Amino acid sequence: MATKKRTVYENPLVTRNASATMCEFFSPQRRIEAWRRVWIALAEAQRELGLAITASQIAQLKRAASDIDFDRAARYEAKTRHDVMAHLHTFGDAAPAARGILHLGATSMDIVDNADLIVMRGALDWIAGWLANVIDAFGTFARAHRALPTLGFTHFQPAQLTTVGKRACLWCHEFSRDLEEIELRRKQLPFRGIRGATGTQATFLSLLGSAAKVQRLEKLVAKKLGFTRIEPVTGQTYSRKIDAQIGCALAGIATSAHKFCNDLRLLANLKELEEPFGKKQVGSSAMAYKRNPMLCERATGLSRYVLSLAASPMQTAAEQWLERTLDDSSNKRLSIPEAFLATDGILRIVTTVARGMVVYSKTIQARVEAELPFMATEEILMEAVNSALERGDRKAANRQALHERIREHSHAAAREVKMKGKPNDLIARLRTDPAFAHVDLAGALDAKRYIGLSVEQTNAFLRQSVGPVRRRYKRDLDRPVDLQV
């Protein structure tokens, strides 16, 4: 029997990338429930300040808070062309005894903006948890490989040695910065306030009769909804710079992920490190041998999307006229949820990769050994000079002459490697040169002599940066990841 045709566009952020939890944060159910929470908090606070609102009316609103008739709301919106009014009527139908006291003195943004902040608060907490899992995974990897020498690269050209664990600390540190930024955005996230149509609170002043009661109302509603900070001044909306700052914080995560995933793609080409690869996974429909880094490629693609989305909230903030214009709404409904959904997808991928990175230590060692003779030349030069001085052979202790001999041997060895594809034979050449007869050439090729403080730096980073994150987010660690594809 043929399956039903799928003829409606499906957002791949939902179907392929984001977690069910993040999708639920930006679902219609969560959004309208947040609207109703604000309506209820407002009614409760107004009752506490003496308005003629009964406990039974509040109770009826609370009973109906999660029972949302979206079909009914759609019918109302078809008539009113106003989504807040449509859901206000729908809520009133669900709690008829309270219909007349809903939305007293409020404007749409008293409801929508505060609800959006509630949703983003939860989403920021969820993102912070993912970042903690990424940092934890990199920390585990770094500790395991902190002493494994590897060839460092600058300009993607061979440079001094580092260690695999030390390099992982570089990746981890970027995500640590991102967590700090997300935590800052979360800490500073304010309540928009209960301000009315242009932010002056004029209607609430008419309702309550005094500035003190208006201020008390706002603080009561904020507290009921879990906010400790309130915007000091607004027009009709909270400053859209809040959205811009959050968008930039998410773009920072995308930047870190893009950098890490690109690095891993380069290392996969060198056959040093790889992302995890399933037992039955297919790398290419044509080339059966391939192990394409598809997870990292997918994460870099999503990262570019988040980076592009970061511009929209900034442009929206710049475009707001005077106390408010409505051209923020249609953009905000896309750019904010999709930035969170895509970032959630990115972090799920990075967590999976960081927990399962495959290290090919023999390939790493072979590349180190191929380049190490060149890197060891300065040690060899110094040892040759010191040995000659200790023997009292001042002629043989000529540093410049020894430097020239090493330079000639190095270039000859490089020609063999580059022109003929032969192994690096620099050490063999030096062994035949009497000027280096008293140098421990074998000892000069101990890679661990050239990793500097990589192990110590890794240990310090794990102690100072990873440890505190693990303690703060203990309950969030080991979050399961079930990638859809």
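Data table
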| quantity | calculated |
| --- | --- |
| Close pairs (9 angstrom Cβ cut-off, 6 or more residues apart or separate chains): β-branched (V, I, T) in region 304-316, outside any helix (DSSP H, G or I) and modelled with pLDDT under 95 anywhere | T316/R240 |
| Complete set of residues in region 148-162 that are surrounded by fewer than 16 Cβ atoms within 10 Å (Cβ to Cβ) and in contact with a Gly (Cβ under 9 Å, 6 or more places away or on another chain) | A159, Q160 |
| Boolean, I32 is of a type in the set (A, V, I, L, M) and within 33 Å of the chain's Cα centre (by Cα) | yes |
| Unmet criterion (only one of (1) among the polar types (S, T, N, Q); (2) under 30 Å from N11 (Cβ atoms); (3) assigned to a helix (DSSP H, G or I)) for N459 | (2) |
| Restricting region 5-53 to residues that are hydroxyl-bearing (S, T, Y) and in contact (Cβ under 8 Å) with a residue 12 or more places away in the chain, the residue that is farthest from M294 (Cα to Cα) | T21 |
| Selection from region 175-186 of residues that are under 11 Å from the mean Cα position of the chain (by Cα), crowded, with 17+ Cβ neighbours inside 10 Å and not small (G, A, S) | F175, D178, L179, E181, I182 |
| Unmet criterion (only one of (1) crowded, with 17+ Cβ neighbours inside 10 Å; (2) under 30 Å from R304 (Cα atoms)) for V358 | (1) |
| Region 375-426, residues that are among the β-branched types (V, I, T) and under 22 Å from Q160 (Cα atoms) | T377, I380, I406, V417 |
| Residue ID - surrounded by the fewest Cβ atoms within 10 Å (Cβ to Cβ), chosen from residues in region 205-217 that are touching a residue at least 60 places away in the same chain (Cβ under 8 Å) and in contact with a helix residue (DSSP H, G or I) (Cβ under 9 Å, 6 or more places away or on another chain) | R216 |
| Filter result (in a loop (DSSP other than H, G, I, E, B) and under 19 Å from I101 (Cβ atoms)) within region 198-250 | Q201, G209, L225 |
| Any hit, region 418-430, residues being part of a helix (DSSP H, G or I), within 42 Å of the chain's Cα centre (by Cα), closer than 30 Å to R265 by Cβ and touching a residue at least 40 places away in the same chain (Cβ under 8 Å) | no |
| Pairs with Cβ under 7 Å, 6+ apart, first in region 470-485 and surrounded by 10 or more Cβ atoms within 10 Å (Cβ to Cβ) and of a type in the set (F, W, Y), second part of a loop (DSSP other than H, G, I, E, B) and modelled with pLDDT under 90 | none |
| Unique residue being over 17 Å from the mean Cα position of the chain (by Cα) and under 26 Å from Q29 (Cα atoms) when the list is T107, T198 | T107 |
| Residues that are of a type in the set (S, T, Y) and surrounded by fewer than 14 Cβ atoms within 10 Å (Cβ to Cβ), drawn from region 61-79 | S66 |
| Hits in region 382-398 - residues which are within 51 Å of the chain's Cα centre (by Cα) and surrounded by fewer than 18 Cβ atoms within 10 Å (Cβ to Cβ) | M382 |
| Test result for R30, under 19 Å from A123 (Cβ atoms) and in a helix (DSSP H, G or I) | yes |
| Tally, over region 141-167, of residues that are part of a strand (DSSP E or B), within 12 Å of S361 (Cα to Cα) and of a type in the set (V, I, T) | 2 |
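The values are calculated or read from the model by the stated rules, or taken from the named source; none is laboratory data. From a predicted model like this one, the values you see are computed outputs, not experimental measurements. Cβ sites come from the backbone with ideal geometry, for glycine too, and all protein chains shown count toward neighbours.
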